[in-house]
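First the structure, in the form of structure tokens, and then the observations on it.
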Amino acid sequence: MHRNSTIDLPQLKGHMGGLDNLYQEVILDHYKNRRHRGEIEGATVTVDHNNPMCGDEIHLQVRLANGRVENLGHTGDGCSISQASASMMSEVVIGKSTDEVRELIEHMRAVMHGTVEADEELLEDGVALAGVRKFPARVKCALLSWIALKDALEQQGEADGK
Amino acid sequence: MGTASNWRADFPILGRPIDGRPLIYLDSAATSQKPEVVIQTMSDYYREANANVRRGVYALAAESDRRFEHARASIARLVDASTDGLVVTKNVTEAINLVAYAWGLRNLSDGDEILITIMEHHSNIVPWQLVAELTGATVKFCPMTAGHELDMDAMAEMIGPRTKVVSVVHVSNALGTINPVAEIGRMAHAAGALMVVDGSQSVPHMPVSFTELGCDVLAFTGHKMLGPTGIGILVARPELLDSMAPFMGGGEMINDVTTEGSTYATGPRKFEAGTPPIAETIGLGAAAEYLMAIGMDAVRAHELELTRYALDAMADIPGLMVYGPSDPERRGCPISFAMDTVHAHDVAQFLDAQGVCVRAGHHCAKPLMRTLGVAATARASTHVYSTTDEIDALVAALHGSAAYFA
């Protein structure tokens, strides 16, 4: 029987030690007090994104003018990571030029895919999301709002190009 | 055959630690763990008897055939069906697609109705939507009551002369609700409709007799009933199989092939194109024999006790909503729940840190989730190897998660 098996099982590493790394205080703070939650006046582009794996949803409204993200609001339903990420993103992108925002989005994607270290100068509170990397199933949660914003920029770009 | 603690010892994976802590596996509705006998039977097959089935003349092929047919007979016996009606598929999804296409394409037309329910898994929704698009038929959803059971008054009203097929999940994977599929089958038959039952969450956990259910088709899957992945079973009345056109064409499903056209094999083989999952069939046969040796009544009794125990304990957790019927007798093993202040994914992540494996998400039942008004729930589910100690660990971790995210 297996109880007497001499085969060594590989040591499966769970997530026992990493929970506080995932749910850092700043993330829980953004989750409980979401910044820029709600609808905004004068949105120039609106996108809806969801994570088909888990059902998380984000409804993102952006006011783009003069080459800048002038305002942004988000609603939707999701886990603490996706909601905190939307809140952190909102704080950091409002007022920035679309080029800066694109760079930010690419940086966040690279951080989540583990190819670069998170830059606190760029991401501000969002640097805390780097802890999500150790939880591959949650990376999509962290990126949901950022991908939605990228889509919003592209849609606006297409509309302006016409 | 023994007790729960003996059964538990039959599952090698449950002896392994994760980060030095015991594995508390409460995701059996997603997939069950496998007893040693299933693993060994499949390994023995590859070591001792591997040859393709239904074609070889040599002794090794005859041994492979013998084990394969023995397994098919065991699987049929578990659900009180005839091997003449037992079709091996890849999973329940393929089994339902098989019926939707092989039967539906030739029997549905504009104005016909396909009646399913709001608590179906996507595998019993999307195939019918696809076939409805091709045939002009309409897919109707029977609603549920506030108690998360099928609204049988609505069912009676919705089954009518336009209804050509009724396809219902026996036990909801996302609510745990046991549906009265025998009664629905009688209503369907009275209207001249085909009755299909998705047994994914019932066959692994309770006595299910295809004969007594009286349905036309019953589908279930190997990996949720202690068997391997890669095998599903469609059980149908043999006459129904005879009346149906093939689903997939290829080797093994033919009588003759000429440059002008083909004629087809009779019986289940008509629907089993290509080399079947031989080791998986043999493994599932071992799983069926293992379950029959315990006795499906004993399996059900054990899980009912766990469900009762869990529902009692979970009732004391502040802010916890449990979905599905409150009476454990009216439920299978899945227990879906949500905490008012913590998202399902965060609950599942917190539970993982306590070594407790549960599922979080929409459970491939998005129409149901929309009806419930939630994006996701967490779900704990048991099998023969599960214990009240594991339920205690779940409940303790749930208390902990409420405090953690407060």
May I ask for the distance between the Cα centers of region B:369-385 and region B:227-285, given as a whole number of Å?
34 Å
Mind checking which lysines have their Cα closer than 27 Å to the Cα of B:Lys270? Skip sequence neighbours fewer than 8 apart in that chain.
B:Lys90, B:Lys164, B:Lys224
Once you charge only the Cβ atoms, +1 for Lys and Arg and -1 for Asp and Glu, what is the size of the charge dipole of chain B about its Cα centre, to the nearest 20 debye?
500 debye
Pairwise Lys count, chain A - Cα closer than 23 Å, eight or more residues apart or different chains:
7
Rounded to the nearest percent, how much of the accessible area of region A:33-120 (1.4 Å probe, protein heavy atoms only) is carbon and sulfur?
42 percent
About its Cα centre, how strong a charge dipole does region B:153-215 have in debye, to the nearest 20, once Lys and Arg get +1 and Asp and Glu get -1 at the Cβ?
180 debye
Any idea how far the Cα center of region B:132-194 sits from the one of region A:135-156, in Å?
39 Å
Between B:Glu69 and B:Ala301, what is 0.36 nm times their sequence separation minus the Cα-Cα distance? Round to one decimal in nm.
80.5 nm
10 Å Cβ neighbours from other chains, averaged over peptide B:339-352:
5
In Å², rounded to the nearest 100, what is the total accessible surface buried by chains B and A against each other with a 1.4 Å probe?
2600 Å²
Where nothing but the Cβ of Lys and Arg (+1) and of Asp and Glu (-1) is charged, how large is the charge dipole of region B:184-331 around its Cα centre, in debye to the nearest 20?
160 debye
Rank B:Ala315, B:Val203, B:Gly261 by how far each Cα sits towards the positive end of the charge dipole of region B:198-339 (+1 on Lys, Arg Cβ; -1 on Asp, Glu Cβ) and give me just the farthest.
B:Ala315
So if I take the alpha carbon set of the protein assembly as shown, get Rg, then get Rh from the Kirkwood formula, what is the Rg over Rh ratio?
1.01
Which one of A:Phe135, A:Leu123, A:Val92 has its Cα pushed farthest toward the positive end of the charge dipole of region A:92-138, where Lys and Arg give +1 and Asp and Glu give -1 at the Cβ?
A:Phe135
Shielding by partners, peptide A:54-61 (average Cβ within 10 angstrom, other chains)
4
May I ask you to evaluate 6.51 cos²θ - 1.76 cosθ + 1.60, the Karplus curve with θ = phi - 60°, for each residue of region B:386-396 and list the ³J(HN,Hα) values in order in whole Hz, giving x for glycine and proline?
7, 9, 5, 4, 5, 5, 4, 5, 4, 5, 4
Averaged across B:354-367, how many Cβ atoms of other chains sit within 10 Å of each residue's Cβ atom?
2
Using only the Cα atoms of chain B, what are the Rg and Dmax in Å?
21.7, 72
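The values are calculated or read from the model by the stated rules, or taken from the named source; none is laboratory data. This structure is a prediction, so every number in the text was calculated from the model and none was measured. Positions of Cβ are backbone-derived with ideal geometry, glycine not excepted, and every protein chain shown enters the neighbour counts. Side chains included, ligands, DNA and RNA excluded: accessible areas come from the protein's heavy atoms. Shrake-Rupley method; radii C 1.70, N 1.55, O 1.52, S 1.80 Å.
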